[in-house]
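Notes follow the structure.
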Amino acid sequence: MKGILSTSLNKVVPPVALLVVLIAIWQIATVVGEIPAFLLPSPFAIVDELVQFFPAISSATRVTGTNALIGLVAGAILGILVALVANFVRLVDSLLAPLVAAIAVVPIVALAPILYSMFGANSELSRQIIAGIAVFVPVFANTLRGLGQVLPVQRDLMRAYAASPLQVARTVTIPAALPFVFTGLRIASSLAVISALIAEYFGGPRTGIGSFITTAASGSNYSRAWAYVLGAILLGLIFYGVTLAAETFASRHRRR
Amino acid sequence: MTAALSSRSLRAKSARARLQPFILGVISVVLLAVLWELYKFAGPADGLTIGETRVLPRTTDLAMPHVWDMIARLGGPLTGSSTAIPLWLAVLKAAGMSLGIAAIGWSLGLIVGFALAVLMQRFRIAESAVLPLVILSQTVPLIALAPVVRVWGSRLEFGSFEWESWMSVAVIASYLAFFPIAVGALRGLQSPDTIHEELMRSYAAGWWKTLVYLRLPASVPYLLPALGLGAANAVIGTIVAEVSTGLSGGIGRMILDFSNFASSDPAKPWAPIFGAILLGLVAAGLVSLLGLALGRYRRAEVSR
Amino acid sequence: MNQLNPTIPGIPAVDVSGVSRVFSTKRGEVTALDGIDLTIAPGEFVSLIGPSGCGKSTLLRLIADLDQPTTGSINVFGTPAGIARQNQKYGIAFQQAGLLPWRTVTGNIALPLELHGVGKTARTQRVSELIEMVGLTEFAGSYPDQLSGGMQQRVAIARSLAEKPELLLMDEPFGALDEMTRERMQAELLRIAAESKAAVVFVTHSIPEAVFLSDRVVVMSPRPGRITGVVPVSLSRSASSDAEALREDTAFFASVTAVREELHGESSGASARGVDLR
């Protein structure tokens with residue numbers, strides 16, 4: 001018990017300490033260096049804006065967060081299902097491999113303007129689709145890898161027990177694949193938030209964090225822009241934190 | 001006679017194996033195009049609207065141009081003017097400019113990311129303090145602060161050095177690229193087996209020699225996929241930063257500008273999208289070439 | 001003259017004095033070694049043998065300064081182990097060959113020479129000598145993944161000899177090999193050790209291997225790790241003697257039995273065979 005506490009502290013204290021030091025330097029620099037707000041607003045000014053505009057910021061965060069969440073869920077379900085198919089049908093795997101590799105390296109957000117014209121300029125769907133595609137790639141790749149983790153010796157064992165396909169799935173395949181699925185989800189979670197946010201730069205309704213950041217920035221109101229950025233950071237952290245917890249829980253029995 | 005035949009058929013087989021992913025890639029793209037046309041042919045003309053949101057797009061030529069129209073439009077002129085260059089050429093030029101900026105951003109990200117990784121490997125306290133912040137940094141959409149980067153840059157004065165718009169874009173691209181590179185490089189630098197580390201210790205080789213003779217070569221299998229990810233991120237960063245900073249001439253600007261033609265020239269907006277896809281593929285391909293050159297260091301890799 | 005510390009003129013190759021090593025683990029303290037005293041003469045071949053947990057590998061690592069003793073001192077050729085490591089007084093070979101996968105056989109053997117700034121011509125010459133010594137001339141340009149286990153170990157041994165050390169430390173180097181290859185490698189090692197006149201500390205858990213190779217066999221027991229006895233082995237080994245004949249010699253079997261009995265804690269002393277109990 002004491003061991004867990006001290007290891008957790010060891011992990012948390014250094015980065016938090018460094019972060020506090022960096023923020024302190026930032027605050028001091030803006031005051032002492034007399035750096036004007038349009039160059040770099042001070043941390044206090046940003047927090048001030050955050051508090052003042054909290055309702056607007058939180059509703060914008062909710063919009064972007066909902067888009068990211070829908071994209072995450074849809075992309076994850078699709079990714080897992082397609083990985084299952086690819087695992088059992090080699091042709092699908094061979095066909096998808098180059099396609100997914102290509103999607104992984106091309107800028108999906110480039111599709112945003114086209115999607116807005118296809119689905120309407122007031123639609124949040126385009127952003128959800130972009131987030132979904134961004135999520136699909138790591139979830140698919142990691143799930144497929146996880147499904148391939150069944151060792152030949154385990155397959156032989158199941159065969160010797162004349163286990164039914166369902167039993168094999170339940171006792172061997174799924175437990176082996178689960179940690180990988182959660183790894184994919186963890187990677188996908190921050191991608192979902194960032195993609196949903198970036199998609200807002202290319203048009204669509206002015207509802208999410210990204211739209212307001214650009215509005216504030218073009219109005220030279222940088223403290224407010226950073227306040228929205230803070231909202232984006234928190235959103236990203238929440239998504240990452242939840243999926244990280246899920247991944248840690250799913251991998252607790254796994255030897256490193 | 002049989003021996004010569006079998007060696008020739010072996011070489012033919014390995015050539016086919018190397019060609020296979022490309023052929024399959026082409027087939028899957030063709031299948032996508034077929035799906036597109038199939039939906040246009042069989043889907044509801046007005047799309048599908050659930051409540052207020054359109055869930056399926058309209059199948060008109062205006063909303064969804066035919067695949068062959070998209071390709072044909074690439075051959076057409078950039079603008080209506082008589083001196084206009086063909087569209088595909090304009091797209092290539094823009095993609096080329098973006099590729100250059102992305103490459104610079106990637107290189108910058110490589111230097112910073114790798115330096116951070118070496119620092120974190122050398123000092124455990126650096127790793128525990130810096131790594132979480134590096135991960136945190138990726139939740140900050142620095143892209144939005146592109147104007148700030150521009151203003152900062154314009155304040156830098158070295159003699160006749162002038163901060164140009166594209167430099168802001170490169171900096172933002174490097175910010176997105178450095179993270180996967182730093183993480184991958186750190187993993188690679190920490191990857192050597194204990195037995196190799198002890199061997200180096202038995203040779204009384206100090207930290208630097210161990211880095212050069214052991215950690216650097218051992219990190220290659222981890223570094224290469226990280227460099228690939230970094231390249232993809234640099235491309236995304238470049239395209240989006242072009243929109244944020246208003247840099248003209250790149251593919252990002254072109255995507256945004258051409259989206260205005262959605263109703264008048266529906267195939268036109270697709271051209272820069274193809275350009276962006278090509279850009280991503282070329283960037284990834286260049287990193288793979290690097291991987292080929294470093295093949296000697298990947299002998300320990302287990303292939304799937 | 002006692003078997004642990006024979007009277008030796010000159011500086012011993014290894015001098016272990018009052019050494020203990022205690023590890024603090026989550027479950028409390030583990031005494032891997034307790035009260036170890038051992039002296040090894042220059043040119044002597046000494047094996048450390050014992051069941052798992054007796055500390056033989058730990059002792060080897062302490063001599064190599066890959067780990068530090070909790071109490072006591074270790075001197076190699078008269079200098080403390082740490083300084084001996086800095087001065088590169090020994091060569092080491094592990095159970096896994098530990099070859100760098102991106103270097104060829106030549107590159108791997110040359111590694112210590114490169115690290116210590118040996119010039120290119122001297123390096124090339126020394127490496128080709130060593131490759132020939134272990135019989136791998138045809139494979140000079142091959143990579144480790146192209147070699148069998150036995151060949152990889154030969155490269156590791158060649159590497160350990162690269163700087164002509166006067167002390168060789170070997171931790172079950174043949175442990176991962178099959179029996180036939182193992183016996184072949186033992187004969188090779190004997191030849192190489194005789195040629196280079198190096199002292200060897202050899203960790204093993206095979207009794208025949210220890211007897212075949214050593215001048216003395218140090219028997220250890222676990223919990224806590226201690227030296228329980230030393231069995232001198234006097235077999236006639238000469239460059240011309242046939243290794244196979246040696247393994248079938250009655251003196252060989254007598255020594256094997258003596259070591260085995262020492263391991264199992266029965267009284268050693270005079271030969272246990274053919275003694276009438278009256």
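Just so it is clear, none of the values below were taken in a lab; they were calculated from the coordinates. Quick caveat, the model's predicted, so the values are computed rather than measured. A quick note on method: Cβ atoms are made from the backbone with ideal geometry, for glycine too, and the neighbour counts reach across all protein chains shown.
Using the rule -39500 (n - 2.57) for each DSSP H run of four or more residues, divided by the residues of chain B, the 222 nm mean residue ellipticity is -23500 deg cm²/dmol.
Local charge sum around B:Pro266 (other residues, Cβ-Cβ under 13 Å, Lys/Arg +1, Asp/Glu -1)? Intermediate results must be reported in sequence, preceding the final value.
Values: positive: B:Lys40, B:Arg58, B:Arg73, B:Lys268; negative: B:Asp61, B:Asp69, B:Asp265.
Charge balance near B:Pro266 sits at +1.
Subtracting the Cα-Cα distance of A:Thr248 and A:Asn221 from their residue separation scaled by 0.36 nm leaves 5.7 nm.
Using a 10 Å cut-off around each Cβ, can you sort C:Arg159, C:Arg27 from fewest to most neighbouring Cβ atoms?
Working: C:Arg159 26, C:Arg27 6.
So the ranking, lowest neighbour count to highest, is C:Arg27, C:Arg159.
What does the charge count around A:Ser164 come to, taking other residues whose C-beta lies under 15 Å from its C-beta (Lys +1, Arg +1, Asp -1, Glu -1)?
Working: positive: A:Arg155, A:Arg159, A:Arg170; negative: none.
Its environment carries a net charge of +3.
Between the beta carbons of A:Ala163 and A:Leu234, assuming R0 = 51 Å, the FRET efficiency works out to 0.65 to the nearest 0.05.
Based on alpha-carbon atoms only, what is the radius of gyration of chain B relative to the globular estimate 2.2 N^0.38 Å?
Details: Rg = 24.5 Å, N = 304, 2.2 N^0.38 = 19.3 Å.
In units of the 2.2 N^0.38 Å rule of thumb, it is 1.27.
Shape analysis of chain A based on the Cα gyration tensor places the equivalent ellipsoid semi-axes at 41, 26, 13 Å, largest first. Across peptide A:118-130, the average count of Cβ atoms from other chains found within 10 Å of a residue's Cβ is 3.
The calculated FRET efficiency for the pair B:Trp152 and C:Leu235, based on their C-beta separation and a Förster distance of 56 Å, comes to about 0.10. Compared with the direct C-alpha span, the chain from C:Glu138 to C:Thr25 gains 35.9 nm at full extension, assuming 0.36 nm per residue. Normalised by the number of residues in segment C:123-220, the mean separation of alpha-carbon contacts (under 8 Å, six or more apart) gives a relative contact order of 27 percent. In this structure, A:Thr7 and C:His264 have a Cβ-Cβ separation that, at R0 = 30 Å, corresponds to a calculated FRET efficiency of about 0.10.
Around the Cα centre of chain B, unit charges on the Cβ atoms of Lys, Arg, Asp and Glu (plus for the first two, minus for the last two) sum to a dipole of about 1220 debye.
Residues A:Val92, A:Val139, B:Val243, A:Val31, arranged from fewest to most other Cβ atoms within 10 angstrom of their Cβ, appear as A:Val31, A:Val92, B:Val243, A:Val139. Using a simple spin-label model with points 7 Å from Cα along the Cα→Cβ vector, what separation in nm is obtained for A:Val32 and C:Gln68? Reported label-point gap for A:Val32 and C:Gln68 is 3.9 nm.
Taking the Cβ of B:Trp68 as the centre, find all other residues whose Cβ is under 12 Å away and add up their charges (Lys, Arg: +1; Asp, Glu: -1).
Details: positive: B:Lys40, B:Arg73; negative: B:Glu37, B:Asp61, B:Asp69.
Once positives and negatives cancel, what remains is -1.
Mind telling me which of A:Phe182, A:Phe44, A:Phe54 comes out most flexible in a GNM of chain A, alpha-carbon contacts under 10 Å? Among A:Phe182, A:Phe44, A:Phe54, the largest mean-square fluctuation in the Gaussian network model of chain A belongs to A:Phe44. Between A:Arg90 and B:Leu286, the modelled labels are 3.7 nm apart [label points 7 Å from Cα along Cα→Cβ]. Projecting the Cα atoms of C:Pro69, A:Asn67, A:Pro107 onto the dipole axis of the protein assembly as shown, where Lys and Arg carry +1 and Asp and Glu carry -1 at the beta carbon, places A:Asn67 farthest toward the positive end. With N denoting the number of residues in segment B:150-295, provide Rg(C-alpha) divided by 2.2 N^0.38 Å, to two decimal places. Compared with the compact-globule rule of thumb, segment B:150-295 sits at 1.43. For chain A, the mean residue ellipticity at 222 nm estimated from helices alone is -26500 deg cm²/dmol, where every DSSP H run of n ≥ 4 contributes -39500 (n - 2.57) and the total is divided by all residues, rounded to the nearest 500. Take each peptide in A:225-231, B:191-197, count the other Cβ atoms within 10 Å of every residue, and average; sorted highest first, the result is A:225-231, B:191-197.
When C:Lys26, B:Lys268, B:Lys209, B:Lys40 are sorted by how many other C-beta atoms sit within 10 angstrom of their C-beta, beginning with the fewest, the order is C:Lys26, B:Lys209, B:Lys40, B:Lys268.
What 222 nm value per residue comes from the helices of chain C, counting each DSSP H run with n ≥ 4 as -39,500 (n - 2.57) and dividing by all residues, nearest 500 deg cm²/dmol?
Details: 9 runs with 95 residues, N = 278.
Here the helix-only value at 222 nm equals -10000 deg cm²/dmol.
Going down the list B:Lys209/C:Lys197; A:Lys11/B:Lys209; B:Lys40/B:Lys268, which pairs span over 24 Å between their C-alpha atoms? Where the Cα-Cα span goes over 24 Å, the pairs concerned are B:Lys209/C:Lys197; A:Lys11/B:Lys209. How would segment C:63-191 be classified by its alpha-carbon gyration tensor: rounded, prolate or oblate, with rounded meaning a/c under 1.5 and the a/b versus b/c comparison settling the rest? Judged from the Cα gyration tensor, segment C:63-191 comes out oblate (a/c at least 1.5, b/c at or above a/b).
Averaged over the residues of peptide B:255-261, the number of Cβ atoms from other protein chains lying within 10 Å of each residue's Cβ is 4. From most to least packed by mean Cβ count within 10 Å, the peptides B:118-128, A:18-28, B:224-234 give B:224-234, B:118-128, A:18-28. Computed over every Cα-Cα pair of chain C and binned at 5 Å starting from 0, the pair-distance distribution P(r) comes out as 1, 5, 12, 16, 18, 17, 13, 9, 5, 2, 1, 0, 0, 0, 0 percent. Between the C-alpha center of segment A:148-218 and that of segment C:139-218 there is a gap of 49 Å. Averaging over all projection directions, the Cα-based convex hull of the protein assembly as shown occupies 50.8 nm² in the image plane. Between B:Leu116, B:Leu279, B:Leu62, the residue with the greatest mean-square fluctuation in the GNM of chain B (Cα pairs under 10 Å linked by springs) is B:Leu62.
Charged side chains reduced to their Cβ positions (Lys and Arg at +1, Asp and Glu at -1) give chain A a dipole of some 1060 debye around its Cα centre. Toward the positive end of the charge dipole of chain B, about the Cα centre and with charges on Cβ (Lys, Arg +1; Asp, Glu -1), which of B:Asn233, B:Thr53, B:Phe258 goes farthest? Value computed over the given set: B:Asn233.
One chain, two ends: C:Asp249 and C:Gln86. Fully extended at 0.36 nm per residue, the span grows by 54.4 nm beyond their Cα-Cα distance. Candidates B:Ser202, B:Ala218, A:Ala217 compared by Cα position along the dipole of the protein assembly as shown: farthest toward the positive end lies A:Ala217, with charges placed on Cβ. Within the listed set B:Thr238, B:Thr79, B:Thr53, the residue fluctuating most in the Gaussian network model of chain B (springs between alpha-carbon atoms under 10 angstrom) is B:Thr53.
Modelled spin-label separation between A:Gln149 and B:Ala293, with each label point placed 7 Å from Cα along the Cα-to-Cβ direction: 3.6 nm.
Once you average over the residues of A:95-101, how many Cβ atoms of partner chains fall within 10 Å of each Cβ?
On the way: counts 5, 2, 5, 10, 7, 1, 5.
Taking all residues of A:95-101 together, the mean is 5.
The long axis of helix C:120-133 is offset from the longest Cα principal axis of chain C by roughly 50 degrees.
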